[in-house]
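Read through the structure below, which is laid out as structure tokens, and then see the notes.
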Amino acid sequence: MTINKTRIALFCSGSGSNFKALFQAIKNKQLAAEIVLCLSNRAQCGAMEFAEQNAIPTLHITEKQFGTFDEFAEAMVYRLKKHQIDIILLAGYMRKVPDAVVAAFAGRMLNIHPALLPKFGGEGMYGIRVHTAVLEAGETETGATVHFVNEEYDKGEILLQRRVPVLPGDTAETLAEKVLECEHTLYPDALEQLLSILNA
Ligand code: GRF
């Protein structure tokens, strides 16, 4: 009997370390899922390179290629349907996902954020800024959050969180490193949970 694997699209703009961790974890955990598309606003980035090296189809798509934002959104939905995508995982995607895509994938799109949401989230809160804000606020712990995506930045329902202690001597850079490492196990665990929710 052949089991239909859940078809995943990764949306990335950067180094793609979460993409790599997810790709490896799907193999290691033997999840009934497959990454079948890497979508990016950048023609070249670590994530796109990794996809190419592993024969995963890539899609470079940006607003600039279209006359209007609506046309861009429509094209994105069309391409995702064409690739028969079941789940979207945002992993360092630095663009707003069009509302039409969010609506088409309600309950089937996750994002990972390098802090304990609802703290330190929202527009402009990304990269090293998050960790600087955590230190400035005198937090004793930080971490990472995987949440469902809705129309508001970092506001969708939380699926899974993992904590990372803030230790004396930590800098924004050391926190960034520790939180990213934590993300690499958190995101695969969250994917596993989503798959069991969807297949229940
Ligand atoms: C991660 O810190 C993630 O939380 C944030 O963007 C970063 C992506 O890193 N949304 P990478 O490209 O997966 O290495």
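Picking from residues in the stretch 1-21 that are more than 9 Å from the ligand (Cβ to nearest atom) and surrounded by fewer than 18 Cβ atoms within 10 Å (Cβ to Cβ), the one that is farthest from Gln84 (Cα to Cα) is Met1. Of the candidates Phe120, Phe66, the single residue that is among the aromatic types (Phe, Trp, Tyr) and either crowded, with 17+ Cβ neighbours inside 10 Å or touching a Leu at 6+ places or on another chain (Cβ under 8 Å) (or both) is Phe120. In the stretch 89-137, the qualifying residues are those that are basic (Lys, Arg) and within 22 Å of Glu181 (Cα to Cα), and the one that is farthest from the ligand (Cβ to nearest atom) is Lys119. Among the conditions (1) near the ligand (Cβ under 10 Å from one of its atoms); (2) outside any loop (DSSP other than H, G, I, E, B), Asp154 misses just one, which is (2). Here Gly46 passes the criteria (1) within 15 Å of the ligand (Cβ to nearest atom); (2) small (Gly, Ala, Ser); (3) within 30 Å of Ala200 (Cβ to Cβ); (4) touching a Ser or Thr at 6+ places or on another chain (Cβ under 7 Å) except the one numbered (3).
Every number here is computed from the coordinates shown, using simple stated rules; none is lab data. Please read these numbers as outputs of a predicted model, since none were measured by experiment. Virtual Cβ from ideal backbone geometry, glycine too; neighbours counted across all protein chains shown.
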